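In what follows, a structure is listed as structure tokens, so that the remarks can point back to it.
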């Protein structure tokens, strides 16, 4: 019955990934709608400013500009919150340099920035057993071409464009 248990577990993981993908699409459509609303508000502000300029009544547009600006600020905050949710669903995080990295990365592979470990990431790492990770690395090293780079410090697998190790932050030797 071990085969069927594994099959059931795999199907469950696939269903979870599909549900996450649908949620990401839903969140992205909300972000797009909010961005479109922001563009409309910018257009209204521009038209109000132009109208005030041509009629020499700058104070007439002030109320509309303030109201629309407050709405734009609120929409941008909503977008930021939605983008955080998307990153969590995708198991990704942003570096200060703009690079998108896996959620469990300790260092940025582009600029070497060190991430503070959050309790959530530590809890996920604690739940993960070490044996499958070691097995995955061993399989990757057999399957990958001989030109695969490894960190000189911790032996973690590096991508060709990495300038720093995501695991320990050591600069990649060129």
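The values are calculated or read from the model by the stated rules, or taken from the named source; none is laboratory data. What you see is a predicted model, and the numbers here were worked out from it, not measured in a lab. Cβ: placed from backbone, ideal geometry, glycine included. Neighbour counts: every protein chain shown.
Taking the criterion of being closer than 30 Å to residue 29 by Cα and either at pLDDT 70 or above or not assigned by TED's automatic domain parsing to the domain that holds residue 29 (or both), would at least one residue in region 121-138 satisfy it? Taking every residue of region 121-138 in turn, at least one turns out to be closer than 30 Å to residue 29 by Cα and either at pLDDT 70 or above or not assigned by TED's automatic domain parsing to the domain that holds residue 29 (or both). Whenever a residue of region 31-52 is free of Cβ contacts under 8 Å to residues at least 12 places away in the same chain, its partners that are assigned to a helix (DSSP H, G or I), lying with C-beta atoms within less than 6 angstrom and at least six residues away or across chains, give the pairs 52/58; 52/60; 52/61. Look at residue 72 and say whether it is surrounded by 11 or more Cβ atoms within 10 Å (Cβ to Cβ), at pLDDT 95 or above and either in a helix (DSSP H, G or I) or touching a helix residue (DSSP H, G or I) at 6+ places or on another chain (Cβ under 6 Å) (or both). Yes; evaluated as a whole, the condition is true for this residue.
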